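A quick write-up on the structure given underneath.
The values are calculated or read from the model by the stated rules, or taken from the named source; none is laboratory data. It should be emphasised that the depicted structure is a prediction, and the values quoted were computed from it without experimental measurement. Heads up: the accessible areas ignore ligands, DNA and RNA and are worked out on the full protein's heavy atoms, side chains in. Shrake-Rupley method; radii C 1.70, N 1.55, O 1.52, S 1.80 Å.
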Amino acid sequence: MKIAITADGKDLNSMLDERFGRCKYFIFADSETMEFKALDNTYSDSAHGVGVEVAQFVIDQGVDTLITGNLGPNAAKVLSESGITIYNAGSMTVNQAIDLYKQGKLTKMSGPTTNPHK
């Protein structure tokens with residue numbers, strides 16, 4: 001299963017970044033082999049409206065699952081419509097988040113966790 005995880009660094013020992021649209025990096029990992037690649041979130045410094053652009057970036061990577069902390073309504077809608085399953089995780093490493101996902105211990109997000117930005 002290919003997973004995207006929001007991260008503040010470029011390896012599996014990095015902390016999960018609880019911001020979706022403004023995270024520093026995305027770690028794209030295979031949950032079975034634990035092979036991964038880290039990509040910069042080039043949208044993190046954009047003025048506004050990054051949620052939909054970042055959601056499309058994640059979709060384009062071909063992931064099945066997203067693990068993040070918070071998600072706005074526009075990004076949540078785009079990701080849900082694409083069929084990506086979204087899980088909520090808090091302060092932990094990327095590796096810990098993947099382990100909890102594999103154990104079925106992360107909570108599925110049923111919608112946005114933040115209000116729209118004005």
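By how many degrees, 0 to 90 and rounded to 10, does the Cα axis of helix 50-60 deviate from the longest principal axis of the chain? The answer is roughly 40 degrees. In this structure the amide hydrogen of Ser44, modeled in the peptide plane, comes within under 5 Å of no amide hydrogen from residues 5 or more places off or on another chain. Sorting Ser82, Ser44 on solvent-accessible area from highest to lowest, probe radius 1.4 Å, gives Ser82, Ser44. Relative contact order for the chain: 28 percent, from Cα pairs under 8 Å spaced at least 6 residues apart, divided by residue count. Please report the antiparallel percentage of the DSSP beta bridges confined to the chain, to the nearest 5. Of the beta bridges lying entirely in the chain, close to 65 percent run antiparallel. Average accessible surface for the chain: 53 Å² per residue, computed with a 1.4 Å probe over protein heavy atoms with every protein chain in place. Applied to the stretch 23-30, the Karplus parametrisation 6.51 cos²θ - 1.76 cosθ + 1.60 on θ = phi - 60° returns per-residue 3J(HN,Hα) values of 4, 6, 9, 10, 9, 10, 10, 8 Hz, with x for Gly and Pro. Computed from backbone phi, the HN-Hα couplings of the stretch 88-96 come to 9, 9, x, 6, 6, 7, 4, 4, 4 Hz, rounded to whole numbers (Karplus: 6.51 cos²θ - 1.76 cosθ + 1.60, θ = phi - 60°; Gly and Pro given as x). Scanning residues 5 or more positions from Ile86 or on other chains, those with amide H under 5 Å from its amide H are Leu66, Met109, with H placed 1.01 Å from N in the peptide plane.
Surface composition of the chain: carbon plus sulfur atoms hold 46% of the accessible area, using a 1.4 angstrom probe and ignoring ligands, DNA and RNA.
Cross-link partners for Lys37 among the aspartates and glutamates, with Cα-Cα distance under 13 Å and sequence neighbours closer than 8 places in the same chain left out: Asp11.
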